[in-house]
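The next block holds one structure in the form of structure tokens; read it before the comments.
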Amino acid sequence: MATIIDHLETDHWNFAGLLKILERELDHIAALAEPDYTLMSLILDYLLTYPDQVHHPKEDLTYQMLLRKLPDIRDSLDDLEHEHIVLATLTREFSNKLRDVVAGEAVMREDLLNAGRGFVDTYKNHMLNENTGVFKLARQHLPALDLDTLMGEFDLQSDSLRAGDPGGRFERLLATIRDGAG
């Protein structure tokens, strides 16, 4: 049976695929080529919703269980939780700039590129910190039963990318990642 860490790592794999797509589209902008603004907006919409509603609460419960076993990691966990706040802010800022561009408002290309690249770099570094730090510790120090208990707290089909997106809202993202464009 998959553990919550398996699901969190799958989320990170999906997020990394989406970030690669954003990087490709930002490269188009930098080269003065036309990016796929619709795809970029869809990615940001997903990253504004799913992480805060589903992914981060899973991490928070895992962090709480791990903290009971390893109280010395409190500062590291506090740093990661602060990064979640920073990421939410950067996501909204980049999304707002992108929305302005799509609406035909004047946005400096460099401002959009800086917002996008700062967002992508911060997100990638945050996931690397979690993957090599807290996720690794959770696998080492939390028994499978504890992880199974955490799994019961969540509807694992709530990730549209993993569940096949029955409403179709993020179907294009799933197809793009599966086709290797991510």
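The values are calculated or read from the model by the stated rules, or taken from the named source; none is laboratory data. These numbers were taken from a predicted model, which means no experiment stands behind them. As a convention, Cβ positions derive from the backbone with ideal geometry for all residues, glycine included, and neighbour counts pool all protein chains shown.
The table that follows gives values for the structure above.
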| read-out | value |
| --- | --- |
| Unique match (being at pLDDT below 95, in contact with a helix residue (DSSP H, G or I) (Cβ under 8 Å, 6 or more places away or on another chain), more than 29 Å from Gly152 (Cα to Cα) and of a type outside the set (S, T, N, Q)) among Val54, Val102 | Val102 |
| Asp100, sole failed condition from (1) surrounded by fewer than 15 Cβ atoms within 10 Å (Cβ to Cβ); (2) closer than 20 Å to Phe15 by Cβ | (2) |
| Condition check for Val107: of a type in the set (Val, Ile, Thr) and more than 18 Å from the chain's Cα centre (by Cα) | yes |
| Residues satisfying the stated conditions in the stretch 11-29, i.e. under 26 Å from Lys58 (Cβ atoms) and touching an Asp or Glu at 6+ places or on another chain (Cβ under 8 Å) | Asp11, His12, Asn14 |
| Close pairs (6 angstrom Cβ cut-off, 6 or more residues apart or separate chains): closer than 11 Å to Leu47 by Cα and of a type in the set (A, V, I, L, M, F, W, C) in the stretch 6-25, modelled with pLDDT under 95 and assigned to a helix (DSSP H, G or I) anywhere | Leu18/Ile43 |
| Exclusive hit being in contact with a Pro (Cβ under 9 Å, 6 or more places away or on another chain) and part of a helix (DSSP H, G or I), set Ile29, Ile43, Ile5, Ile21 | Ile29 |
| Condition met for Leu87 (within 17 Å of the chain's Cα centre (by Cα) and surrounded by 17 or more Cβ atoms within 10 Å (Cβ to Cβ)) | yes |
| In the stretch 1-47, residue surrounded by the most Cβ atoms within 10 Å (Cβ to Cβ) [restricted to those that are in contact with a Lys or Arg (Cβ under 7 Å, 6 or more places away or on another chain) and among the β-branched types (Val, Ile, Thr)] | Ile4 |
